[in-house]
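See below for the structure under consideration.
The values are calculated or read from the model by the stated rules, or taken from the named source; none is laboratory data. Since we're looking at a predicted model, the values are computed, not measured. Every residue, glycine as well, gets a Cβ built from its backbone with ideal geometry; the counts of neighbours run over all protein chains shown. For accessibility, only protein heavy atoms count, side chains too; no ligands or nucleic acids. Shrake-Rupley method; radii C 1.70, N 1.55, O 1.52, S 1.80 Å.
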Amino acid sequence: MPQSEPVLFTVGVFQDLAWAERGIEALKKQGFDAGALTVAGKLTPELVAAIERAVGGVPGRWELPGIGPLVAHGSLSAVLDGPAKDLGRTGLAAAMRRAGFQPHDGLIYETLVERGGVLVAVEDAPRAADALSVLLSYGAGNSAIGAWQKRL
């Protein structure tokens, strides 16, 4: 039985929506499909519109402890919400473990999003290093590849 490629997310947090939009455009120019992207952040009308433009879908909404209303669209949001649909209860920091990130990484992502940062994730295991390079080049802080999934 052939093994499928593991789900692997590359994540970074941009300081604001303008930086995130530049980073998303750069990812697309490098050949990353909009369907491989997840965009998440604190609820604002501008972010909702940007998510709809960037990834072509209406974002889901959660009320998160420590952050407040969060909107997100993309495959990472489904992983974070988990089978129990409990992202609103667990919070972003704890839920990031589901995507292969260490607890301290999750806490950093949660803190940056709470401060107005926009989280952008790319699901593309074969090109994870390329995604990381683009995120870093366009200013995404604390960019990392969620390599710990199924290793804990």
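Structure notes:
- Per residue solvent-accessible surface (Å²) - segment 25-152, probe of 1.4 Å: 47
- Protection-proxy order for peptides 99-107, 82-90, each taking the mean of Cβ atoms within 10 Å per residue, highest first: 99-107, 82-90
- The calculated 222 nm mean residue ellipticity attributable to helices in the chain amounts to -11000 deg cm²/dmol, summing -39500 (n - 2.57) over DSSP H runs of n ≥ 4 and dividing by all residues.
- Inter-label distance, residue 84 to residue 129: 3.7 nm, where each label sits 7 Å from its Cα along the C-beta direction.
- Among 43-56, 131-144, sorting by the average number of other beta carbon atoms lying within 10 angstrom of each residue, highest first, gives 131-144, 43-56.
- Percent accessible area from carbon and sulfur atoms, the chain, protein chains only, probe 1.4 Å: 55
- Lysine pairs meeting the criterion (Cα under 27 Å, 8 or more apart or interchain), as found in the chain: 4
- Under a Gaussian network description of the chain, with springs only between Cα atoms under 10 Å, the residue in 23, 31, 117 that fluctuates furthest is 31.
- Rounded if a/c under 1.5, otherwise prolate or oblate - the chain, Cα gyration tensor axes: rounded
- Taking all Cα pairs closer than 8 Å and separated by 6 or more residues, the relative contact order of segment 1-65 comes to 23 percent.
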